[in-house]
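A short write-up of the structure that comes next.
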Amino acid sequence: MLNKAYNYFIPKDPKVTTIVDNDGKVVQYCIDSDTEKILQRQRWIAMYIGTPLVLYASISKNMNNNTRFLLGSMGIACFLTHKKAYDTIIKNS
């Protein structure tokens, strides 16, 4: 069962290609579709399971207010960045 979960959430053989400009600088990274599907699963888990857990932890009375604020801010920031990437891939698929 762990092997199946591992294969469902971890890319097996990611292929990354690059596009370079005339100076040889990388301007775009491209990943294969199988790996992107797995990354989309990871993003979904981070958004809808990880973020609520982090936000719930941020209301813990066992931490000082600064730590709670930073933890909550980090949870919101993670949600927003994962959501942006997730939506961008969905829109362009």
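Between Met74 and Asp87, what is the spin-label point distance in nm, taking each point 7 Å from the Cα along the Cα→C-beta axis?
The two pseudo-label positions are separated by 2.5 nm.
Just add up the charged neighbours of Phe79: K/R +1, D/E -1, any other residue whose Cβ is under 14 Å from the Cβ of Phe79.
Taking every Cβ under 14 Å from that of Phe79, the sum is +2.
Taking the Cα centre of the chain as the origin, how large is its charge dipole in debye, to the nearest 20, when only Lys and Arg (+1) and Asp and Glu (-1) carry charge on their Cβ atoms?
Roughly 440 debye, rounded to the nearest 20.
When only Cα pairs under 8 Å and 6 or more residues apart are kept, what is the percent relative contact order across the chain?
Once divided by the residue count of the chain, the mean separation gives 22 percent.
P(r) for the chain, please, calculated from all Cα pair distances in 10 Å bins and given in %.
15, 31, 29, 19, 6, 0
Against the longest alpha carbon principal axis of the chain, how many degrees, from 0 to 90 and to the nearest 10, is the axis of helix 33-45 turned?
Approximately 10 degrees, to the nearest ten.
Of the residues Asp13, Asp34, Asp21, which exhibits the maximal mean-square fluctuation in a Gaussian network model of the chain defined by a 10 Å Cα contact cut-off?
Among Asp13, Asp34, Asp21, the largest mean-square fluctuation in the Gaussian network model of the chain belongs to Asp21.
Taking the Cα-to-Cβ direction at Glu36 and at Lys15 and moving 7 Å from each Cα, how far apart do the two end points lie in nm?
1.3
Each reported figure results from applying straightforward, stated rules to the coordinates on display, with no laboratory input. Just so you know, these numbers come straight off a predicted model, no measurement behind them. No Cβ is skipped: glycine too gets one built from the backbone with ideal geometry, and neighbour counts run over all protein chains shown.
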